[in-house]
Amino acid sequence: MQAYCVKCRAKKEMVNPKEIVMKNGKPAVSGTCPSCGTKMFKIGAKK
């Protein structure tokens, strides 16, 4: 799953992506950047 890393300013492949549900009920995927280790987040996506 690809997501945008704010720190690297580029789209990267997420490490350890996990499907979550936000407070408003929308699906999302959360993971980490392989280069810098920053938390990445993609709203409305499934693995």
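Taken together, the values in this text are just the output of simple stated rules run on the coordinates, not laboratory data. These numbers were taken from a predicted model, which means no experiment stands behind them. Here the Cβ positions follow ideal geometry from the backbone for every residue, glycine too, while neighbour counts run over all protein chains shown.
Look at LYS12 and say whether it is loosely packed, with under 12 Cβ neighbours inside 10 Å and not aromatic (Phe, Trp, Tyr). So LYS12 does not fit the description; no.
Conditions tested, residue by residue: (1) under 9 Å from the mean Cα position of the chain (by Cα); (2) not hydroxyl-bearing (Ser, Thr, Tyr).
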| position | (1), (2) |
| --- | --- |
| TYR4 | yes, no |
| ARG9 | no, yes |
| VAL15 | yes, yes |
| LYS26 | no, yes |
| GLY31 | yes, yes |
| PRO34 | no, yes |
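If the condition is being outside any strand (DSSP E or B) and without any contact (Cβ under 8 Å) to a residue 12 or more places away in the chain, then segment 2-45 contributes ARG9, LYS23, ASN24, GLY25, GLY37.
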